[in-house]
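All remarks here apply to the structure that follows.
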Amino acid sequence: MIDSVLWYKKPAACFDEALPVGNGRIGGMVYGTTEKEHIGLNEDSVWSGGLRHRINPDAREGLIKVRELLTAGKTDEAERLAMETMAGTPENSRHYMPLGDLDIYFDHHFEEIVHYRRMLDIDEAVAVTEYTYREVGYRREVFVSAADDVMVIYLKATVPGKLSCSVCIGGRDDYFDDCRPDEKGKIVYTGGTGSADGIFFAAAVNAVCTGGSRRCVGNSIRIENADEAMIVLGACTSFYAGDYKERAVKTAEAALSKTYKELRSAHVKDYRALYGRVDLDLNDNSEGNIDLPTDERLKKIEEHPDNKLMELYFNFGRYLMISGSRPGTQPLNLQGIWNDRMWPAWGSKFTVNINTEMNYWPAESCNLAECHEPLFDLLERVAVNGHTAAKEMYGIDKGYVCHHNTDIWGDCAPQDKWIPATIWPMSGAWLALHVYEHYLYSLDKEFLKEKYHLIKGAAEFFTGYLTEDGQGRLITGPSVSPENTYRTAEGAEGRMCMGPSMDSQILDCLFTAFIDCSGILDTDHELAARLKEMRERLPKPEVGKYGQIKEWAVDYDEVEIGHRHISQLFALHPAQLITPRKTPELAQAARATLERRLSHGGGHTGWSRAWIANMWARLHDNEKVYENLKKLLSVSTNPNMFDNHPPFQIDGNFGGTAAIAEALLQCTDDEIKLLPALPAEWSSGRVSGLRAKGGYIIDMSWKDGKLAEAEIHATVTGECRVRYNTDKLIAISLTAGESESIKGE
Ligand code: FUC
């Protein structure tokens, strides 16, 4: 229980205290309030308008001049010209918006309430609120079912006939049309978010009760003197279907024809089929903390170790993935699917210079590979629009390019006029690496065949795009090292540059991925040969004057030394161009880079802290992993356990979950490393269901910081090398379906 329940003594006073529920597409934030229960509603395709053509008509001409100016060291001029000629027009892609609010009026005054408790049971994916009011016990349960595609709210009073409430739905501003019950007694709430080619939505709400009565009054469904009641909400948008309104109504109707018990057990079964795959159990050092509500435990973790809270954080990350990203839905955006603002921070879009990618870091390792799929669906749209961007901005008729943001339509034009981020043509390449990663875990050749074109298209763009740097090396540019500012030896500041380190590292990985895929699928050998040559000519990670990994082609200083982005360490994580075993000097420089950042205030955003924890895991520094996870929980986590940038931004949750997995198991240097960065505080424990590249599932237990036993299950026939207790290395051959166990000593 303690590692699977978030609980609180008071209703949520704000979004950061409310509890998220979702089925990948429909989301809710449950406040557990008693006068009026408030549930913030989301549907993942409610975005602010249609696809716009935003490519700057002067981009091609601008590109050539900007390159020349950057090469000549005229950075100011280059940046000014780039914003004029290359930035998108209009500047912004579409943004994410809320669906509306579901309110249930009870008129139970909180001052008179006793035994109040609200919780989120992430073992069953149900939010529960319970309390006693005027001697009657009340209980609410809220979940969003993927099995029946609806939100379900169940209300019950312990005394028959004591349940009365009014159910309403509405939205902010005036972007909805209607919210009154129709002649049949259901509410069909409809609206649209923006332009005529934009997105139109519908939500259908209906309720049934046993005992008492049900009628419609004004804009609400009124339930009076009932024993129990069930409210159901279906929702759909024109993004998914032309008959979105009918679909919303039909799913709600279909659900209402079932009993609450049926709906709940179908939901729990569906959810647990994913959530139940992994089970982590760390030694319990939480002592008295266990009896505290979650918000208080979070505050205490800095001084008081609480492994069970870390476990809860890990499980919550998996819960959020299952609740926010399912096959056929949209990928997790900056807030997953949970957003209550018409104008959320950074538009709650897909920021693809780290944030969206981070969201999916735990997908494969934590055995939720199918939850990764929405990202590949979005990448299909990116590949289409990115092909237009490649042609119109860069004059390249092959492949696709995407900059540092995209939206639901896969808009690939640059976003904002913000010099440190806007002109960065690398996100298509980074996202394509996720496709290959998905393959590496499953070795599913059918999947690779189907999605190979995404890897190919990302790589092809660069065959036309890269330029020579004067030393025969192939570099990107104009680009940036997201989103940092450098200072030259002369004291000038700049953001745009030629050949920032991260770009070359991404390309090194992308070209390797393509070359491997071409071999696996026996295709495109000519292109593979060309990319092999090009890969040789990419700049490799270099050590700079502080012993750090150089961030830019020139060994500039950073203006903000503790900057949140540590892009030059992409090579360490998520890539593995740098590993302590293969490249010890570079690993040492990676360590120096992290130390330099951290000693200047680094890690101040949630996602940055989470990335740092992953990087320390790759450097096998167990104590640094622990220290940074602790900071992530104590400094960068809101009371509802959502990551706090600030403001709320979900990437840190997934980055943190991935870091915990990475401390326990790593697939680097063509080995499966067991317990490579196990914190001393996690001295004993066990985990089951983690995935390793090559089609393996691993269960293991450890004691006194050493492996006790591991069970390697193969889903694909093959051979793997397993390293444990630092220098024990064994090779294992397994046929699909077989397992082998390893005993630690
Ligand atoms: C990147 C980060 C910011 C923020 C934003 C959404 O630009 O540098 O910290 O996470 O994305």
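The values are calculated or read from the model by the stated rules, or taken from the named source; none is laboratory data. In this text the structure is predicted, and so the values were computed from the model without any measurement. Note that each Cβ is placed from the backbone with ideal geometry, even for glycine, and that neighbours are counted across all protein chains shown.
Condition first: assigned to a helix (DSSP H, G or I) and within 16 Å of the ligand (Cβ to nearest atom). Now tell me which residues in the range 357-377 satisfy that.
Of everything in the range 357-377, those that are assigned to a helix (DSSP H, G or I) and within 16 Å of the ligand (Cβ to nearest atom) turn out to be GLU357, MET358, ASN359, TRP361.
Out of all the residues in the range 298-336, which are within 16 Å of the ligand (Cβ to nearest atom) and closer than 19 Å to TYR275 by Cβ?
Just the residues of the range 298-336 that are within 16 Å of the ligand (Cβ to nearest atom), to begin with: 331-336.
Listed by number, the residues that qualify are LEU332, GLY336.
For the range 697-710, indicate whether the set of residues that are touching a residue at least 60 places away in the same chain (Cβ under 8 Å) and in a strand (DSSP E or B) is non-empty. I'd like the intermediate steps shown before the answer.
Residues of the range 697-710 touching a residue at least 60 places away in the same chain (Cβ under 8 Å): 697.
Subset that is in a strand (DSSP E or B): 697.
Looking through the range 697-710, at least one residue is touching a residue at least 60 places away in the same chain (Cβ under 8 Å) and in a strand (DSSP E or B).
Residue-wise test of (1) over 21 Å from the mean Cα position of the chain (by Cα); (2) at negative phi.
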residue	(1), (2)
TYR394	yes, yes
GLY410	no, no
GLN415	no, yes
ILE419	yes, yes
LEU431	no, yes
HIS434	no, yes
TYR439	no, yes
TYR452	yes, yes
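In the range 409-428, what residues are crowded, with 24+ Cβ neighbours inside 10 Å and in a loop (DSSP other than H, G, I, E, B)?
Here is the first cut: in the range 409-428, the residues crowded, with 24+ Cβ neighbours inside 10 Å are 411-415, 422-428.
Of everything in the range 409-428, those that are crowded, with 24+ Cβ neighbours inside 10 Å and in a loop (DSSP other than H, G, I, E, B) turn out to be ASP411, CYS412, ALA413, PRO414, GLN415, THR422, ILE423, TRP424, PRO425, MET426.
For the range 246-263, what are the residues that are within 29 Å of the chain's Cα centre (by Cα) and crowded, with 21+ Cβ neighbours inside 10 Å?
Here is the first cut: in the range 246-263, the ones within 29 Å of the chain's Cα centre (by Cα) are 247-248, 251-252, 263.
Answer for the range 246-263, where residues must be within 29 Å of the chain's Cα centre (by Cα) and crowded, with 21+ Cβ neighbours inside 10 Å: ALA248, THR251, ALA252, LEU263.
For the range 642-655, give me each residue that is buried (at least 24 other Cβ atoms within 10 Å of the Cβ), in contact (Cβ under 8 Å) with a residue 40 or more places away in the chain and under 18 Å from LYS300 (Cα atoms). Show your work before the answer.
As a first pass, look at the range 642-655 and keep what is buried (at least 24 other Cβ atoms within 10 Å of the Cβ): 642-643, 648-655.
Applying the additional criterion that residues be in contact (Cβ under 8 Å) with a residue 40 or more places away in the chain yields 642, 648-655.
Within the range 642-655, just PHE642 meets the criteria.
When the residues of the range 337-356 are filtered to those that are in a helix (DSSP H, G or I), buried (at least 22 other Cβ atoms within 10 Å of the Cβ) and not β-branched (Val, Ile, Thr), which remaining residue is nearest to the ligand (Cβ to nearest atom)? Don't jump to the end; show me each part of the working.
In the first step, residues of the range 337-356 are kept if they are in a helix (DSSP H, G or I); the result is 345-348, 355-356.
Add one more test, that the residue is buried (at least 22 other Cβ atoms within 10 Å of the Cβ), and what stays is 347-348, 355-356.
Right, trim to not β-branched (Val, Ile, Thr) and you get 347-348, 355.
Values: GLY347: 9, SER348: 9, ASN355: 5 Å.
For the range 337-356, the residue satisfying everything is ASN355.
Name the single residue, out of those in the range 197-217 being more than 16 Å from LYS245 (Cβ to Cβ) and touching a residue at least 40 places away in the same chain (Cβ under 8 Å), that is surrounded by the most Cβ atoms within 10 Å (Cβ to Cβ). Steps first, answer last, please.
Kept after step one, since they are more than 16 Å from LYS245 (Cβ to Cβ), are these residues of the range 197-217: 197, 207-217.
Add one more test, that the residue is touching a residue at least 40 places away in the same chain (Cβ under 8 Å), and what stays is 197, 207-209, 211-212, 217.
Working: ASP197: 10, ALA207: 26, VAL208: 17, CYS209: 21, GLY211: 16, GLY212: 18, VAL217: 10.
So, considering only residues that are more than 16 Å from LYS245 (Cβ to Cβ) and touching a residue at least 40 places away in the same chain (Cβ under 8 Å), the one surrounded by the most Cβ atoms within 10 Å (Cβ to Cβ) is ALA207.
Under the condition of being more than 16 Å from the ligand (Cβ to nearest atom) and of a type in the set (Val, Ile, Thr), which residue from the range 459-512 is farthest from ALA528 (Cα to Cα)?
Here the answer is THR488.
Return the residues of the range 393-434 that are within 16 Å of the ligand (Cβ to nearest atom), touching a Gly at 6+ places or on another chain (Cβ under 7 Å) and within 16 Å of ASN355 (Cβ to Cβ); say none if nothing qualifies.
If the condition is that a residue be within 16 Å of the ligand (Cβ to nearest atom), touching a Gly at 6+ places or on another chain (Cβ under 7 Å) and within 16 Å of ASN355 (Cβ to Cβ), then CYS402, GLN415 are the ones that fit.
List the residue pairs whose Cβ atoms are under 8 Å apart, where the first residue sits in the range 520-544 and is within 18 Å of LEU466 (Cα to Cα), the second is surrounded by fewer than 14 Cβ atoms within 10 Å (Cβ to Cβ) and not hydrophobic (A, V, I, L, M, F, W, C), and the two are 6 or more positions apart or on different chains.
From residues that are within 18 Å of LEU466 (Cα to Cα), the pairs are ALA528/GLY519; ARG537/GLY472.
Provide a single number: the residues in the range 441-477 that are under 23 Å from GLU392 (Cβ atoms) and assigned to a loop (DSSP other than H, G, I, E, B).
The number of residues fulfilling the criteria is 3.
Please specify each residue of the range 1-12 satisfying the condition of being touching a Ser or Thr at 6+ places or on another chain (Cβ under 9 Å) and modelled with pLDDT of 95 or more.
Filtering the range 1-12 down to residues touching a Ser or Thr at 6+ places or on another chain (Cβ under 9 Å) leaves 2, 5-8, 11-12.
VAL5, LEU6, TRP7, TYR8, PRO11, ALA12 - these are the residues of the range 1-12 that are touching a Ser or Thr at 6+ places or on another chain (Cβ under 9 Å) and modelled with pLDDT of 95 or more.
Quick check on ARG591: is it buried (at least 19 other Cβ atoms within 10 Å of the Cβ), within 16 Å of the ligand (Cβ to nearest atom) and among the charged types (D, E, K, R)? So that I can check it myself, show each step before the final result.
Details: buried (at least 19 other Cβ atoms within 10 Å of the Cβ): yes; within 16 Å of the ligand (Cβ to nearest atom): no; among the charged types (D, E, K, R): yes.
The answer is no for ARG591.
Consider GLU130 against the criteria (1) in contact (Cβ under 8 Å) with a residue 60 or more places away in the chain; (2) surrounded by fewer than 23 Cβ atoms within 10 Å (Cβ to Cβ); (3) touching a His at 6+ places or on another chain (Cβ under 9 Å); (4) closer than 30 Å to GLN335 by Cβ: it satisfies all of them except one. Which criterion is unmet?
(1)
Which condition number in (1) assigned to a strand (DSSP E or B); (2) surrounded by 21 or more Cβ atoms within 10 Å (Cβ to Cβ) is the one that ASP281 fails?
Among (1) assigned to a strand (DSSP E or B); (2) surrounded by 21 or more Cβ atoms within 10 Å (Cβ to Cβ), ASP281 violates only (2).
Please identify the pairs in which a residue from the range 221-247 that is in the same structural domain as VAL159 (by TED's automatic domain parsing) has its Cβ atom under 6 Å from the Cβ atom of a residue that is among the basic types (Lys, Arg), counting only partners at least 6 apart or on another chain.
Here the result reads ARG222/ARG215; ILE223/ARG214; GLU228/LYS156; CYS236/ARG247; ALA241/ARG247, each pair linking the range 221-247 to a residue that is among the basic types (Lys, Arg).
Quick check: is even one residue across the range 34-50 surrounded by fewer than 23 Cβ atoms within 10 Å (Cβ to Cβ), farther than 29 Å from LEU298 by Cα and more than 28 Å from the chain's Cα centre (by Cα)?
For the range 34-50, residues surrounded by fewer than 23 Cβ atoms within 10 Å (Cβ to Cβ), farther than 29 Å from LEU298 by Cα and more than 28 Å from the chain's Cα centre (by Cα): absent.
Of all the residues that make up the range 378-408, how many are of a type in the set (S, T, N, Q) and in a helix (DSSP H, G or I)? Write out each step before concluding.
Quick first cut of the range 378-408, residues of a type in the set (S, T, N, Q) only: 385, 388, 405-406.
Next cut, in a helix (DSSP H, G or I) only: 385, 388.
Residues flagged as of a type in the set (S, T, N, Q) and in a helix (DSSP H, G or I) within the range 378-408 amount to 2.
Could we say that LEU633 is more than 16 Å from the ligand (Cβ to nearest atom) and over 27 Å from GLU709 (Cβ atoms) here? Spell out how you get there, then give the answer.
Values: more than 16 Å from the ligand (Cβ to nearest atom): yes; over 27 Å from GLU709 (Cβ atoms): yes.
It is true that LEU633 is more than 16 Å from the ligand (Cβ to nearest atom) and over 27 Å from GLU709 (Cβ atoms).
Report yes if some residue within the range 94-111 is within 19 Å of THR422 (Cβ to Cβ), touching a residue at least 12 places away in the same chain (Cβ under 8 Å) and either buried (at least 18 other Cβ atoms within 10 Å of the Cβ) or under 26 Å from the mean Cα position of the chain (by Cα) (or both); otherwise report no.
Step one: filter the range 94-111 for residues within 19 Å of THR422 (Cβ to Cβ), giving 94-95.
Checking the rest, the ones that are also touching a residue at least 12 places away in the same chain (Cβ under 8 Å) come to 94-95.
Retained after the next criterion (residues that are either buried (at least 18 other Cβ atoms within 10 Å of the Cβ) or under 26 Å from the mean Cα position of the chain (by Cα) (or both)): 94-95.
Scanning the range 94-111, I find at least one residue that is within 19 Å of THR422 (Cβ to Cβ), touching a residue at least 12 places away in the same chain (Cβ under 8 Å) and either buried (at least 18 other Cβ atoms within 10 Å of the Cβ) or under 26 Å from the mean Cα position of the chain (by Cα) (or both), so the answer is yes.
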